[in-house]
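No value in this document is a laboratory result; all are computed from the given coordinates. Fair warning: this is a prediction, and the values are worked out from it, not measured in the lab. A quick note on method: Cβ atoms are made from the backbone with ideal geometry, for glycine too, and the neighbour counts reach across all protein chains shown.
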Amino acid sequence: MRPNMFATTGFCSVGETNDMSETEPKRSARAATTVDVHCTGHVRTAVGTPRQEFSFEGSTLRAFLDAFCRQYDVAELLIAETDADASTDGWAPAPATGELPGTWERNPEGEQTRRYARVTVDGVFNEHLDGLDTELDDGDRVGLMYPFIFCC
């Protein structure tokens, strides 16, 4: 199992550094990737714009989030450090694990999004891809969502 780079310190804040070499395998020789970032809700408010191109060193969603959260202080809006931060109590009783229909995928603890927050790559939730190890290509669309919720 890979070391959890977010569990103790969270994402880097502006001005900090985080050596990705121990936690992110070398996937490609590409030095930088440029993606189209779409932000909604609280993330849009924090970033100040709904859409932008963003270039970063590396080629994975993990490298993108680290760089983006260094530039914009949105890690606390997006990334859950514990399972409790990633889930909420439902209003209906959950069926037994063996009775759940379909495929239920989730990222490991420390690599999950906060409750109600989502990270997508080309419209697909990251946990349905390779989680934070999802490879990004130039021009991919990354969605960072944390909706406004007034009922809770």
HN-Hα J couplings of region 39-55 from phi, Karplus 6.51/-1.76/1.60, θ = phi - 60°, integer Hz, Gly and Pro as x? 10, 10, x, 4, 5, 4, 4, 5, 7, x, 8, x, 8, 7, 8, 9, 9
Footprinting exposure proxy for Asp66, Asp83 (fewest neighbouring C-beta atoms within 10 Å first): Asp83, Asp66
Name the residues whose placed amide hydrogens come within less than 5 Å of the amide hydrogen of Asp140, ignoring near sequence neighbours (fewer than 5 apart) on the same chain. Asp36
